[in-house]
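One structure is given below, encoded as structure tokens.
The values are calculated or read from the model by the stated rules, or taken from the named source; none is laboratory data. What you are looking at is a predicted structure, and each value in this text was computed from that prediction instead of being measured. Note that each Cβ is placed from the backbone with ideal geometry, even for glycine, and that neighbours are counted across all protein chains shown.
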Amino acid sequence: MKLAILGASGATGRLLVQKALDAGHTVRALVRDPKKLAAGHPALELVVGDATRGDDVARLVAGCDVTISALGPTPEQVDVASRAAEHVIAAGVRRYVVISGAGLDVPGDHKDVTGKIVSFFVRTLSPAIFRDKVREHALLAASDVGWTLVRPPRLTNDPATGAFKTDLTNCPGNSVSRADLAAFLLQVAGDDGLIGKAPFISG
Ligand SMILES: NC(=O)c1ccc[n+]([C@@H]2O[C@H](COP(=O)([O-])OP(=O)(O)OC[C@H]3O[C@@H](n4cnc5c(N)ncnc54)[C@H](OP(=O)(O)O)[C@@H]3O)[C@@H](O)[C@H]2O)c1
């Protein structure tokens, strides 16, 4: 596949780019600072730009089969997820796989007590980030994009296990490694059966 990756210089994004290249995919990666992502792989193209700019997102996704977002909020741009989603929708992307968070509620959820407590704390302690993830979901749900929101709990930098668990209605654990999350994002990118769904993942 030809993949467009947003947030490619981040902690999960870098792992995602490497796994995608190792799996034989072609990658076009959006970076604000090209020094943050090692170039040189023949199947990796860097696009320097900003996910909150429509022309940069359009340049990134043109001709790609699937777009994956590992974008994360910064203090200056807590709304980066929903702003990027607006541009992805405007660019007419067919398939969009995005990291959201286990705190997000979607119709059909059956969260256990722990899951409900996580949602409460995310909503209370990080209201701006929570609102951004809610708006991202609302924008995508109302669009023609074939989206999948992946909902992890706390992220760790542990090595990949390959033994992660996924569930569509309740988060099966309290943490997951970024390496396992990256592997699942790639799996989802090749699985149109998860279009319009928001799977949880945990270690
Ligand atoms: N941390 C957790 O425990 C946790 C739990 C659940 C969900 N999540 C979600 O997991 C996702 C990934 O987390 P992470 O820790 O891997 O992320 P991260 O290391 O903070 O990386 C975020 C990436 O987004 C990029 N970015 C931010 N604003 C941008 C913009 N305007 N244009 C282009 N790039 C931009 C950053 O670029 P620069 O390198 O240029 O800054 C960086 O590459 C996030 O969406 C987060 O909300 C995290």
Practice task
Please specify each residue of the range 155-169 satisfying the condition of being in a loop (DSSP other than H, G, I, E, B), under 22 Å from Asp105 (Cβ atoms) and either of a type in the set (Ser, Thr, Tyr) or modelled with pLDDT under 95 (or both).
Solution key: Thr169
Exercise for the section: Hey, can you tell me all the residues within the range 115-139 that are surrounded by fewer than 18 Cβ atoms within 10 Å (Cβ to Cβ) and among the polar types (S, T, N, Q)? Expected result: Thr124, Ser126
Completion exercise
For the range 57-80 the number of residues that are more than 23 Å from Val150 (Cβ to Cβ) and within 13 Å of the ligand (Cβ to nearest atom) is 3
Practice task
Return the residue satisfying two criteria in turn: it lies in the range 141-154 and is away from the ligand (no atom under 16 Å from the Cβ) and part of a loop (DSSP other than H, G, I, E, B), and of such residues it is nearest to Thr114 (Cα to Cα).
Solution key: Ala142
Handout entry: All positions within the range 4-26 that are more than 8 Å from the ligand (Cβ to nearest atom), surrounded by 24 or more Cβ atoms within 10 Å (Cβ to Cβ) and more than 13 Å from Val57 (Cα to Cα)
Key = Leu16, Val17, Ala20
Handout entry: Filter result for Ile89 (surrounded by 19 or more Cβ atoms within 10 Å (Cβ to Cβ) and either outside any loop (DSSP other than H, G, I, E, B) or free of Cβ contacts under 8 Å to residues at least 12 places away in the same chain (or both))
Key = no
Exercise for the section: With the checklist (1) of a type in the set (A, V, I, L, M, F, W, C); (2) modelled with pLDDT of 95 or more; (3) out of contact with any strand residue (DSSP E or B) (no Cβ under 6 Å at 6 or more places or on another chain); (4) within 15 Å of the ligand (Cβ to nearest atom) in hand, flag the one item Ala102 doesn't pass. Expected result: (3)
